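What follows is one structure encoded as structure tokens, with my remarks underneath.
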């Protein structure tokens, strides 16, 4: 009889341990006016989209009337990024910059410095980031140091994640 009770107690303990340690879902039961309902909540949440990767779009300059011009950002997980932009007159070459980025709430802000330009220009800017649509909108930028005596500002248009 003792062995039987011990076996039953051991089996009940095993069932209790197995059912109380499940981590993928949680069950809550509550009594609402003599109606018992079981609520199951899935605790596995889809990972949000990530900013890291290649983004391409266009930029415009407020002080220079030109067509939207190609720009690409490569954001890295360590907070660094590279930017490649096609220049407009008088700087019609491809311009590369390197800098740092950060995400605060839904704002991606950055600061970068030209690598291959005739003068060393520092820019800063920002985007609004929507992780549900994985989109960056309302992009703006401005020169912090002068570009041969000029300080430019502008906007980014249609910046989308490529990969």
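Every number here is computed from the coordinates shown, using simple stated rules; none is lab data. Just so we're clear, the structure is a prediction, and the values are computed from it rather than from any experiment. Heads up, the Cβs are rebuilt from the backbone with ideal geometry, glycines too, and the neighbour counts pull from every protein chain shown.
If neighbour count is taken as other Cβ atoms inside 10 Å, put 122, 159 in order from fewest to most.
On the way: 122 16, 159 19.
The order, fewest Cβ neighbours first, is 122, 159.
Quick check: pseudo-label points 7 Å beyond the Cα along Cα→Cβ at residue 63 and residue 144, how many nm apart are they?
1.8 nm
At a 10 Å Cβ-Cβ cut-off, how would you order 150, 129, 76, fewest neighbours first? Could the numbers behind the result be given before it?
Values: 150 10, 129 19, 76 13.
By the 10 Å Cβ count, ascending: 150, 76, 129.
Please give the length that would be gained between residue 137 and residue 96 if that part of the chain were fully extended, namely 0.36 nm times their separation in residues minus their C-alpha to C-alpha distance (nm, one decimal). List each step's numbers first, then the result.
Values: separation 41, 0.36 × 41 = 14.76 nm, distance 2.19 nm.
Net length gain for the segment: 12.6 nm.
What's the exposure ranking of 130, 78, 112, 147, going from fewest to most Cβ atoms within 10 Å? Display every interim value, and only then the final one.
Numbers: 130 12, 78 8, 112 23, 147 17.
Listing 130, 78, 112, 147 from fewest to most nearby Cβ atoms yields 78, 130, 147, 112.
Enumerate the residues in the stretch 96-123 having an amide nitrogen under 18 Å from the point lying 7 Å beyond the Cα of residue 153 toward its Cβ.
109-112, 122-123
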